[in-house]
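The values are calculated or read from the model by the stated rules, or taken from the named source; none is laboratory data. In this text the structure is predicted, and so the values were computed from the model without any measurement. Positions of Cβ are generated from backbone atoms using ideal geometry, with glycine treated the same way; all protein chains shown enter the neighbour counts.
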Amino acid sequence: MRPSTYPLRLFRSIIDTNRTSTMLMIQSTRSLYEQTRSGSVDFENKKRAQMNETQRLKETTKMMKKDLKWAWQIFKDATFNAFRADVGTVAFDDNQLIKIWDFNQRNNEKLSSYSLEFKSDKLNDMNNWLVTCDADYDVGFSKCSWTVSPSGHALFSGYLDTTVPKDGKTVRTGYAFLSSQKSRHPFNLPTDGMNIFEQFTHVILRVRGDGRMYQISFDTADVFDITWFDRYNFMMYTFGGPYWQYVKIPLSRFYFHYQGFIQDEQYQFNPNTIRSMGIMVHSPSYSGPFRLEIDYIGFVNDCQHNDLIEYEGYYHESSQLKST
């Protein structure tokens, strides 16, 4: 495990950054309790530039208190469970729907079927998701929003603009991305993933779309930078009408994706390594609005589904796995 730099980051956030002392030349993107939820340093720096030091101090203090309370609760639970013999793994019935994220506003006073411990808001799952688009990274002109629909569900909507900015770098644009909060330990310590997902075989969404194709994505990044762009994706095709639809996708159909490219060699998707989930929409050739209404996102375990990976292992000349 790489050495922790969190004390240096905290010290860096307190001192005056305008000083030129060689001891204080510490380059950091965030302090101890500031979460990089979007996964983009440039986007987070843009948000921080809009906050003054007083607002940042209040937000940091608030998050520090919350994480201290969370760490103390974890310590108490671990100490209590160490002396119990009836503590085991959470198990679910066959084809039992487990709503991990429930966006129905009528259920805000209730917990989801299974509440992830790192959720910032355990009653309203909409606060556990973040929406971004190309305009947030200064590489496009699209607009997006994450609001409540008139029927009381989550609404991911906006306008995709395929106009390429004249910066000499951007080639394609026109996308929006909706991402869940990444799994973490108190004080932003990294995790190995969400162990609860290893019991499931399918992901289920109840959505009402606009006829566009959306991309379901699972982030499996590890602490090493070479894995920060590891994704497993699959397409979701929506109806263009007023009716709700149920989308059930086997996890074995998700294909390995790295930095925008589908890899020739596919690997078995291990749900145990999931750190976050996302939904992306993009327009390859034309501009226009998009609208996706989401009721819930859940998972099921189908005992009749035994496939581990549904893609063949193709071998090519550069492959080290080529048979002799």
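Here are the numbers:
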| read-out | value |
| --- | --- |
| Qualifying position, being modelled with pLDDT of 90 or more, hydroxyl-bearing (Ser, Thr, Tyr), surrounded by fewer than 19 Cβ atoms within 10 Å (Cβ to Cβ) and within 19 Å of ASP295 (Cβ to Cβ), among SER179, SER151 | SER151 |
| Segments classed as strands (runs of 3 or more DSSP E), wholly inside segment 188-280, with at least 2 members that are small (Gly, Ala, Ser) | none |
| Answer residue from segment 212-242, given it is aromatic (Phe, Trp, Tyr) and either surrounded by fewer than 18 Cβ atoms within 10 Å (Cβ to Cβ) or in contact with a helix residue (DSSP H, G or I) (Cβ under 6 Å, 6 or more places away or on another chain) (or both) and is modelled with the lowest pLDDT among those | PHE224 |
| Filtered residue count, segment 246-278, keeping only those that are among the hydrophobic types (A, V, I, L, M, F, W, C) and at pLDDT 90 or above | 6 |
| Filtered residues of segment 154-174 (kept if surrounded by fewer than 16 Cβ atoms within 10 Å (Cβ to Cβ) and in contact (Cβ under 8 Å) with a residue 40 or more places away in the chain) | THR163, ARG172 |
| Tally, over segment 283-298, of residues that are farther than 17 Å from VAL207 by Cβ and surrounded by 19 or more Cβ atoms within 10 Å (Cβ to Cβ) | 1 |
| Some residue of segment 279-296 being at pLDDT 90 or above, farther than 26 Å from THR173 by Cα and touching a Lys or Arg at 6+ places or on another chain (Cβ under 7 Å) | yes |
| Search result, residues across segment 264-283 that are out of contact with any Leu (no Cβ under 9 Å at 6 or more places or on another chain) and more than 27 Å from GLU312 (Cβ to Cβ) | ARG275, SER276 |
